[in-house]
Structures are given as C-alpha cells and as structure tokens.
Amino acid sequence: MSRGMTRSERLSEMERLYQQRGYTDIEMAKRIGVTRATAYKDRILLETEVPFIKDEHGRWYIDRNKYVSAVRVNLNEALALYLATRRASRQTRIAQPHVANALSKLAVTLKKPMTERLVHAADAVLSQKSLPERLAVVETVAQAWVDNIKVRLVYKALDARHATTHVVRPYLIEPSLWSESTYLIAHSDQANKIIPFKLARIERASLTTESFEPPADFDEQQLLRHAWGIWYSDKPAEPVTLRFKRGKATQRLQETIWHPNETVTAERNGDLIWSAEVAEWQEMLPWIRGWGADCEVLDPPELRQTLMGEARAMAEQYGWAISSERSATAPHTMLDDFFGG
C-alpha cells in the first residue's frame, strides 16, 4: 500500500488507521506494506505528535480521549460542517464555552465567508446568559457517555410536579429532528427501560463509580425508526394519515423528506395524502399545527379529535361562539364560513 507514498503520506495513513483500532508493529507493517523496523520508527515519530496507548495484547492505538484530529476538508465538505455547526450554535440559550471553542477551531479550517460567520456565532454563544450548573450537566453527561459510566440524574419531566432520580446507562446523545433540543437516550435502572431525557430538563447529573458495557445489539436507527423526533414507544407504531391541500402546501411538502418511512400519494384534485407509521403522534402536533388549514388529519381518530378540540378552543379564544350542533333555524352561519361549512 505504501508503494510510491512519501513518509509524510505514510504517517498520515498510519495516524488514520491507529484511530480505528490497535495494531502491533508487525500488523501495521503488513497493513501498509513496509518492514517492521520502518513501522516501529514511524510509530515512534507519531508518538511525538499524538497520544498512544498500548493494550494487553501489545497493540498500539491512539488515545481518542486525548487526541485532537487535524481535519482537512474540501469546499463542499466545509459547507456541510458549516451548516451543522450553525444549527448547533442556535440550539443553546446559555453561554457554552465548549460550543464557542469548537466553532472557533472549525472556523480556522473553513473558507470565507464561512469563517467569519462561525466566528460571529461563537461570539453570540458566549454572550448568552451564563449558567454554570447547566453547563456542568452537559459536561457530566458527555463524560459518562464517552467513558461508559453510569450517571445519576435528577430529572423533571415537562408535566411532572416533582423531579425524579434515575441512575442511567448513557447510550446516545441525539439532537431532535424538528426542534432545537438535545436528548440523552439512556437505560434507566429504576424504570428498567430505555428513556429519552431532554438535557434541558436534567436538573443535576453526577457520575457514579459503576461502569457498564453498551449492549452489542443497541441500534439507534432501529430504535428511532418510527419516532417523529426523539420520542418512541413500546407500543406498536400507529399509522398517521394527513391530507394536504393543493397549492403552496403540497409544494412545500414535497421539498423535504419529513419522516424516513413516509409515503406521499397524489389525488385527482391535486391534494396530497401523506402517511407514516409513528410511535407517538403527540410529538407531531406542533408540526401539524404549523400547516394551519392546509393540513387535515384523517387518521388516527384520536389525533383528529385533538386537532378539532384545539381549533374549537382557538376560535373561542378569538371571540367565536362555538356550538356543537347546527341550529335548525340558522343552518348556515358565519361560523360555517370560518370553518369551511
């Protein structure tokens, strides 16, 4: 593999390989096609730049906890990183120096005008309100996830009267798809099941002294395949069917894949029928509301009734008198016009 490679190119390739798994000097020599002596000398040289660890089998690998990679990207790769980090910079309401530092470091590797925008974003993150206790939660959860250590959480759910304590095994830190929230997906020893914990609702987090091995069969893609954002359920996924009215709504609908298992079919009048199997349709409510009258819930009945109740409450809030039955003496009213008759 190293035929025609300069030493600099060989060192770069070895650095990449040592990040993936451990190698003995003999294994590395065979992997890149050099002598054992050359592989040994190159590793010794690499050790002056990056931190190495030797395992019990005599294999060397890069210590990822101490390693900072030098990322080189082309223009299109830079744009992808830029968009992701710009989104991350808007997901915090508190000053997070780690986010700001990451933005500043990434800015150095990108091109103008992306560099300037990320520098400004870093400044904006630091200008937010400083809440050290919130930052400590994020740091503790991240450490527990990376080191496979159980962490004790004091968590208050949105509609809970009191906070509860969970000792959890962190499996994944994941951003929500349709909101600017971040979740810890972890197995709770108390509930004996996997639960998504919204980071903003964790009041305190502390590391335990107990380590754990993540289950080999944990697959976030499988776990979240029916989730609208982060929510999932032990119940079977439920079909959700919506009708979108012809016009701007159908155009917008077709511009984005809204759910991995969605299907979209056209009706003769130009309307679109959107359907997907979703674990918890409650999480879809803000998205459905955002379409207004251009979106009609067809199934499930409970979701349709929920939106009907919200439409009634909204109408009454704005001064419309709602009656569940149409008057025999006034079969057609302005209210009918308002709701489409």
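The set of residues in the range 16-29 being surrounded by 14 or more Cβ atoms within 10 Å (Cβ to Cβ) and either farther than 13 Å from Tyr61 by Cβ or among the acidic types (Asp, Glu) (or both) consists of Asp25, Glu27, Ala29. Scanning the range 112-149 for residues that are in contact with a Phe, Trp or Tyr (Cβ under 9 Å, 6 or more places away or on another chain), crowded, with 19+ Cβ neighbours inside 10 Å and at pLDDT 90 or above yields Val141, Trp145.
I'd like the full set of residues that are basic (Lys, Arg) and under 12 Å from Glu15 (Cβ atoms), limited to the range 28-63. Across the range 28-63, the qualifying residue is only Arg43. Within the range 283-308, being closer than 25 Å to Ser176 by Cβ and exposed (fewer than 13 other Cβ atoms within 10 Å of the Cβ) holds for Pro286, Gly290, Gly292, Glu302.
When each of Val168, Val119, Val151, Val146 is tested for being in contact (Cβ under 8 Å) with a residue 12 or more places away in the chain, under 26 Å from Leu83 (Cα atoms) and not assigned by TED's automatic domain parsing to the domain that holds Leu81, the lone residue that passes is Val146. For Val168, the conditions (1) at pLDDT 90 or above; (2) among the aliphatic types (A, V, I, L, M); (3) in contact with a Phe, Trp or Tyr (Cβ under 6 Å, 6 or more places away or on another chain) are fulfilled apart from (3).
Within the range 104-115, residues that are touching a residue at least 12 places away in the same chain (Cβ under 8 Å) reach partners that are part of a helix (DSSP H, G or I) and of a type in the set (S, T, N, Q) with beta carbons closer than 7 Å, at six or more positions or on different chains, in the pairs Leu106/Thr85; Ala107/Thr115. Residues in the range 271-281 that are out of contact with any Phe, Trp or Tyr (no Cβ under 7 Å at 6 or more places or on another chain) and either among the polar types (S, T, N, Q) or modelled with pLDDT of 95 or more (or both): Ile273, Ser275. Scanning the range 162-195 for residues that are among the hydrophobic types (A, V, I, L, M, F, W, C) and in a strand (DSSP E or B) gives Val167, Val168, Leu172, Ile173, Leu184, Ile185, Ala186, Ile194, Ile195.
The values are calculated or read from the model by the stated rules, or taken from the named source; none is laboratory data. None of these values were measured; they are calculated from a predicted model. For neighbour counting, all protein chains shown are included, and Cβ atoms are generated from backbone atoms with ideal geometry for every residue, glycine included.
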